[in-house]
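J.: Before anything else, here's the structure in question.
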Amino acid sequence: MLTHLPVLIVLGPLLAAPLVAVMRGGRWPWAIATLVTWFSFLCSMLLLAHVANYGVFSYALGGWEPPWGIEYRVDLANALLLLLITGLASVILPYARLSIRQEVGDDKAPLFYSAQLLQMLGLCGITVTGDAFNVFVFLEISSLATYALIAMGRDRKALTSSFSYLVMGTIGATFYLIGIGFLYVMTGTLNMADLAERLPEIQDSATVRTAFAFIVTGIALKLALFPLHLWLPNAYTYAPSAVTAFMGATATKVAVYVLIRFIFTVFGAPFSFGQEPLAEVLIPLAIIGLLSASSVSVAQPNIKRMLAYSSVAQIGYIVLGIAMGTAMGLTAALLHMFNHGLMKGALFMTLGAVAYRMGGTNLDQMRGLARTMPLTFWAFVFGGLSLIGVPLTVGFVSKWYLIMAAVELGWWPVVAVIVVGSMLAVIYIGRVVEAGWFQEPDNPERKEAPMSLLIPVWILIAANLYFGIDTRLTVDIAEAAAVQLMAGGNAP
Amino acid sequence: MISANTAMILTMVVPSLGAIAIALLGRWPNIREAATMITAVTLFGLVIRVLLGLNGGEFIYVEAVQLFPGVSIAFNTEPLSILFAMIASGLWIVTSVYAVGYMRGAGEKHQTRFYVCFAIALAAAMGVAFSANLLTLFIFYEVLTLSTYPLVTHKGDAKAKAGGRTYLGILMTASIVFFLPAIIWTYVAAGTLEFTQGGILAGNLAAGSATLLLFLFLFGVGKGAIMPFHRWLPAAMVAPTPVSALLHAVAVVKAGVFTITKVVIYIFGTDYLASVPYESLAVYLAGFTVVAASAVALRQNNIKRMLAYSTISQLSYIIMATMALAPFAEIGAVMHIAAHAFGKITLFFVAGAIYVAAKKSEISQLDGIGLRMPYTMTAFAIGALSMIGVPPTAGFVSKWFIIAGAFQLDNYFVLMVLILSTALNAGYFLPIIFRAFFKPESEPPVKAHGEAPIPMVLALGTTATLTLLFFFFNGPLLDLELTLIGG
C-alpha cells in the first residue's frame, strides 16, 4: 500500500464523493466524509515521513512511465502542503457537522460534504502531481467544487460572489492552460521534470517567455495577488463558515505552491529571476497588496471580511518571500504558507462559532464576547496574537524568517513594510479584542458555542502554539525544501 | 537541596502554577490571597537559591528548547539578572500585602483576575531576568507587555480602555518596529544572540550601522521610556495603584532599563560601544529625557501622573549613566535600579493609601494630610528624599556613583543634568512634604479619616525602611557589581 500513497490521498475522496452526494440526510454523509478525510490525512503523514527519510517519491499513475504517463512526484515542499490540506480538512469536518447544518440546512448537507471532498481532493491532486496538465484538471475540479460551496452561503450575496469568482477563476485557469499549451508546443511534453530538462535550451524563444507570463498571471489570479484579488473578499465573506475556514487556509496556499513549482522547478530560478523581470513585478505588487489590504482591514465592520483582506495581505508576505529569490526567502515563504494556514483556519473557525450563536460576524455581534462566549473569545485572542506575530506562536516564526531574509539581502524598506503590516494587524485585531472585552453584550444570556465547534478550534489554536515553540517539523522541512527547490528541476 | 539550575527554571514555573491556583481559588478570597503570598515567598526563596549558586560559582545554564537552528530559549544567571530578579520577587511579597489592603479597601472588582495576571506578569519578569540570549529576552518581554494589559485596563471603563490603547500601542509599536528588526539584524551580523562578556558585535558591523543599531535598541526597548516613547507610562496610571507600584515602578520599567543595560554590556560590550560613532547622542537623549520629564512632573497636579513622569526621569538617569561608559557610572546605574525601585514603590504605595483613606488623588488636596496620616506621609518624605538624592536614603548612594562616573570621564553634560534634575526634583517633591505637614487643611474632609488599612501602612513602612537601610547596607550589591564591571 505504501507505494500507492500519493494516489490514495486523491482516490479515497474521489470514490466517496458521489457516494456521499446520493445519500439521504442523517449522519452518514458527514461520517463518511470525515473518515475518508482522516484516511487521507494519515496517508499524507506517512508520505511526509517517507519523503523526509528517502527523498523524492515518484509514482507513475496506472503504471504508465513518465513522461508519457502522468507522474505524481512528491518532494518536501508539496509533502508539507499535503499535510496542511488534509490536516485542516480533518479538523474542519468534525466542526462542519453543526455549523453546516445551521448555515446550509439538512437537505443540502450531503451536497456540501460531496463538494467538500471534491474540493479537498482537487487541492491535494494539484499538490501531488508532477504533470502540468494534471494540475489544470485538478484545478478545475477544486475550483468548480469551491464555486458550488461558496454559493451555499446563507446570504444572497453568496450567489453573486460565487459567480464572480467563477468568472475570474476560469479566466485564471484559462491563462494557465494557454501557458501550458505554449510549453507543450515548444517541448512536446507536459511532465514537469521533463519540461525542466528541455526548457533551458529554448528559453530565449518568445513563446516560452509568453508561456511564463501567462502561467504566472493565471496563477496570480488564483493566488489573489494584488490587483487580481478582487474575488476574494466577497467569496470569503459570504461563503458558509466551514467553507471559508478550509478555503481561506488552503486554496491560495496551493496556488502559491504551483507558482513556486513553476518558478523554481520547471523554469528554474536563473531564468525566472535572471531573464524575466519576475522580482521587479512581484515585489511592488506584493508590497502594495500587503499595505493596502492591511489598511482596508482596519475599517471593516464585518470581521469575516476583515480577515479576508488580512489574508490578501498575508499572501503579499508569502509572495515577497518568493520574490527574494534566496533560499532564506523561500524558506520564509514555505513556512508562512504552512503557518498562515494554521492561523487563518483557526480564526475563521472561531468566527464560525460566533456566527453559530450570534447569527453573524459583525463587530456588533462581537461585543461583550469575553463574557458570553469566553472560550471562543480567547481562541480569537490567541489566533489574533499569532496573526500579529507574537513570540511563541507560529506567526512569530514566519515573521522572524521573513525579516531575516530581508535583512540578509539588505532590503531595509522591505523590513519596514513587513513590520508596518504587523502593526496594522495589531490595530485590526485589537479592535475586535477591545469590543469583546470592554463592551457590554447585546444579550448577556447567550451561551458558549457547542463543544463540537470548540474542540476543533482549540486543536488548531494549540497547533498554532505548539508549532510556534517546537519548530523542528516546520522549519527543518521548509529549509530542506527551499534548498531542494533552489537547486532546480532535476534535484534527486 | 535543589540545584541552582532547577531553582532558576522554577522561578518561572512557580508563579505560573500560582496563577492557576489563584484562578481556581477565586471563590474563597482569603485562601486566594494566601496562595498569592505563598507563591511570592516561594519565588523569593528560589531567587535566593540562585543567588547562592551564583556566589558559590555554580555553573548556571539551562537550554529549554531550540526555537530556530542556532538560537534557543535558554536561561542563565549573572549579577544583573539576579539583582533584577531579587528586586522584583522581593517587592512582590510587599506588594501582595499592600494589594490585599488596597483592593479590599477600594472595593475593586474582578480581584481574582487581578491576582492571576499579577502572577503571570511576575513569571514573565523572571523570564526576562534570567534570559541567556536576546531571543529569550524578547519572548518574555512581549509576554510581560501582554500580561500587564489586563492589569492596566482593570477598571474596564472608557478611560481604562483609552489608557490601555496607548499602553499597548506604544509598547507593541516599539517592539515590533524597532526591537525585533534590531534583534534579527544582530543575529545576521554576529551569528549568535547569546549574552557574552565583551559583547558579540565587535568586528561584525560597519561603524555607521552600529550607531543605527544602537538607536534601534534604545527606541525598541519601549519599557525604558526614553522620549519620545514615554507616553505609555502616564497612560498606564489608570491602573489600580498596586499595579502602578510594582509593575510600573519596578517590574516593567526595570525590565526596560535592564534590557538596555544587558544590550550595552553583553551585546555591544562597553569597549566596542565606546568606539561607535555618535554614541554620546544616546547620552544627550537620555539627559534630555531626565530634565524634560522632571519639568513636566513639576506641572502635574495628579499624584500618580507626577510620579509617572518622575519615573520616566529616573529611568533615564539609569540609561544616561549606562551610556556614559564610565565604570563608576555603570555601578551607579545598576545601584539606581535598586535604589529607585525602593523609593518609587514607597511613593506609589503612599498615593494608593491616600486614595483609599481619603479618596484624594490630587496634590492640591494634600494640605495638612500629614497630621491625619503621619506614618504614610513620613514614608512619602523618605521616598521623596530618595528621589532627590539626599542622605541617608538609597537615592544618594546611586547618585554619588553616577557623579563620580561623570568626573571620571569629565562628562560635564551628565553633571549638569544631575544638578538640574536634582533641583527640579526638589521643586516638586519638597512642597508636597511641606504642605502635608505644615499647612492647615483647606477644608475638612467629607469623612473623618485616619491612616489607610493596616496592610497598606505595613507595606509602605517596609519599603521606606528598605530605602533607608539601602544607604547603610549596600555592600553586597556593590561587590556583585564589581564582578560585573571587572569582568
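J.: Taking other Cβ within 10 Å of each residue's Cβ, how do B:305, B:113, A:472 sort, fewest first?
T.: Ordered from fewest to most neighbouring Cβ atoms within 10 Å, B:305, B:113, A:472 come out as A:472, B:113, B:305.
J.: If all Cα-Cα distances of the range B:202-337 are sorted into 10 Å bins from 0 onward, what percent lands in each bin, rounded to whole numbers?
T.: So the P(r) values, bin by bin, are 13, 44, 30, 11, 2, 0.
J.: To the nearest Å, what is the center-to-center distance of the range B:416-487 and the range A:431-474, using C-alpha atoms only?
T.: When both Cα centres are located, 45 Å separates them.
J.: So, one more: Limiting things to C-alpha atoms, what are the Rg and the maximum Cα-Cα separation (Dmax) for chain A, in angstroms?
T.: Rg then Dmax for chain A, in Å: 21.2, 70.
J.: Pop out the ³J(HN,Hα) list for the range A:213-219 in order, Karplus 6.51 cos²θ - 1.76 cosθ + 1.60 with θ = phi - 60°, rounded to Hz; leave Gly and Pro as x.
T.: With the stated coefficients, the range A:213-219 comes to 4, 5, 5, 4, 5, x, 5 Hz.
J.: Which cross-chain or sequence-distant (5 or more) residues have an amide H under 5 Å from the amide H of residue A:131, H modelled 1.01 Å from N in plane?
T.: A:71, A:192
J.: Related question: Work out, in µm²/s and without decimals, the Stokes-Einstein translational diffusion coefficient of the range A:283-331 at 10 °C, 1.306 mPa s, Rh from Kirkwood over C-alpha pairs.
T.: 144 µm²/s
J.: Moving on to the next point. Across peptide B:16-23, what mean number of C-beta atoms from other chains lies inside 10 Å of a residue's C-beta?
T.: 0
J.: Using only the alpha carbons of the protein assembly as shown, what is the convex hull's orientation-averaged projected area in square nanometres?
T.: Quarter of the Cα hull surface area: 40.1 nm².
J.: With +1 on each Lys and Arg Cβ and -1 on each Asp and Glu Cβ, how big is the dipole of chain A about its Cα centre, in debye rounded to the nearest 20?
T.: Dipole size: approximately 1300 debye.
J.: Further question on the same structure: Work out the length of the dipole vector of chain B about its Cα centre, built from +1 on the beta-carbon of each Lys and Arg and -1 on the beta-carbon of each Asp and Glu, and round it to the nearest 20 debye.
T.: Approximately 1660 debye in magnitude.
J.: So what's the back-of-envelope 222 nm ellipticity for chain A, counting only DSSP H runs of four-plus at -39500 (n - 2.57) apiece and dividing by all residues, rounded to 500?
T.: Mean residue ellipticity at 222 nm (helix-derived): -26000 deg cm²/dmol.
J.: Placing one identical point scatterer on every Cα of the range B:384-487 and ignoring solvent, what is log10 I(q)/I(0) from the Debye formula at q = 0.10 Å⁻¹?
T.: -0.45
J.: Where nothing but the Cβ of Lys and Arg (+1) and of Asp and Glu (-1) is charged, how large is the charge dipole of the protein assembly as shown around its Cα centre, in debye to the nearest 20?
T.: Roughly 3020 debye, rounded to the nearest 20.
J.: Under 20 Å Cα to Cα from residue A:108, which aspartates and glutamates show up? Leave out anything in the same chain fewer than 8 places away.
T.: A:155
J.: Taking 19 Å as the cut-off for C-alpha to C-alpha distance, list the pairs among B:262/B:399; B:109/B:159; A:304/A:344; B:159/B:254; B:155/B:344; B:159/B:223 that go past it.
T.: B:262/B:399; B:159/B:254; B:155/B:344; B:159/B:223
J.: Roughly speaking, what is the centre-to-centre gap between the range B:43-89 and the range A:383-421 when only Cα atoms are used, to the nearest Å?
T.: 29 Å
J.: If you take every DSSP beta bridge fully contained in the protein assembly as shown, what fraction is antiparallel? Give it as a percent rounded to 5.
T.: The antiparallel proportion sits near 100 percent.
J.: So how do B:360, B:344, B:109 line up by other beta-carbon neighbours within 10 Å, fewest first?
T.: B:109, B:360, B:344
J.: For residue A:362, enumerate residues with amide H under 5 Å from its amide H, sequence gap 5+ or separate chain, H modeled in the peptide plane.
T.: The answer is A:303.
J.: Tell me, A:44, A:205 in order of fewest to most beta-carbon neighbours within 10 Å?
T.: In order of increasing Cβ crowding within 10 Å: A:205, A:44.
J.: Provide the descending list of Cα extents for the range A:77-214 along its principal axes, expressed in whole angstroms.
T.: In descending order, the Cα extents are 57, 32, 17 Å.
J.: Also, quick follow-up: Could you state the number of Å between the C-alpha centres of the range A:320-335 and the range A:50-112?
T.: 24 Å
J.: Moving on. How long are the semi-axes of the equivalent ellipsoid of the range A:181-304, taking √(5λ) for every eigenvalue λ of the Cα gyration tensor, in whole Å from largest down?
T.: Sorted largest first and rounded, they come to 33, 16, 10 Å.
J.: Give a residue-ordered list of calculated ³J(HN,Hα) values for the range B:218-233 (Karplus: 6.51 cos²θ - 1.76 cosθ + 1.60, θ = phi - 60°; whole Hz; x for Gly, Pro).
T.: Calculated HN-Hα couplings, in order: 4, 7, x, 7, x, 5, x, 6, 7, 5, x, 9, 10, 5, 5, 5 Hz.
J.: Restricting to Cα atoms and excluding each atom paired with itself, what does the Kirkwood estimate give for the range B:149-216 in Å?
T.: After inverting the pairwise mean of 1/r, the radius is 14.3 Å.
J.: Placing one identical point scatterer on every Cα of the range B:1-40 and ignoring solvent, what is log10 I(q)/I(0) from the Debye formula at q = 0.17, 0.20 Å⁻¹?
T.: -0.47, -0.59
J.: Given 20 °C and 1.002 mPa s, how large is the Stokes-Einstein diffusion coefficient of the range B:312-371 in µm²/s, with Rh as the Kirkwood radius over Cα pairs?
T.: So the translational diffusion coefficient is about 159 µm²/s.
J.: Tabulate in residue order the Karplus-calculated ³J(HN,Hα) for the range A:44-56, using 6.51 cos²θ - 1.76 cosθ + 1.60 with θ = phi - 60°, rounded to whole Hz; enter x for Gly and Pro.
T.: 5, 5, 4, 5, 4, 4, 5, 5, 5, 8, 10, x, 4
J.: Run through every distinct alpha carbon pair of the range A:216-258 and return the Kirkwood hydrodynamic radius in angstroms, one decimal place.
T.: For the range A:216-258, the Kirkwood estimate is 10.5 Å.
J.: To continue, here is another question. Give, in whole angstrom and from largest to smallest, the semi-axes √(5λ) of the equivalent ellipsoid of the range B:1-92, with λ running over the eigenvalues of the Cα gyration tensor.
T.: 27, 17, 10
J.: Across peptide B:131-141, what mean number of C-beta atoms from other chains lies inside 10 Å of a residue's C-beta?
T.: 1
J.: Hey, if you drop one equal point scatterer on each alpha-carbon of chain B and run the Debye formula without solvent, what base-10 log of I(q)/I(0) do you get at q = 0.10, 0.12 Å⁻¹?
T.: At q = 0.10, 0.12 Å⁻¹ the computed log10 ratios are -0.69, -1.02.
J.: From other protein chains only, count the Cβ atoms within 10 Å of every residue's Cβ in B:179-189, then give the mean.
T.: Partner-chain Cβ atoms within 10 Å, mean over residues of B:179-189: 5.
J.: Separate question: For residue B:133, enumerate residues with amide H under 5 Å from its amide H, sequence gap 5+ or separate chain, H modeled in the peptide plane.
T.: Placed amide hydrogens put B:74, B:195 under 5 Å from residue B:133.
We did not get these values from a lab; they are worked out from the coordinates using the rules stated. Just so it is clear, the model here is predicted, and its values are computed rather than measured. Note that we place each Cβ from the backbone using ideal geometry, even for glycine, and neighbour counts take in every protein chain shown.
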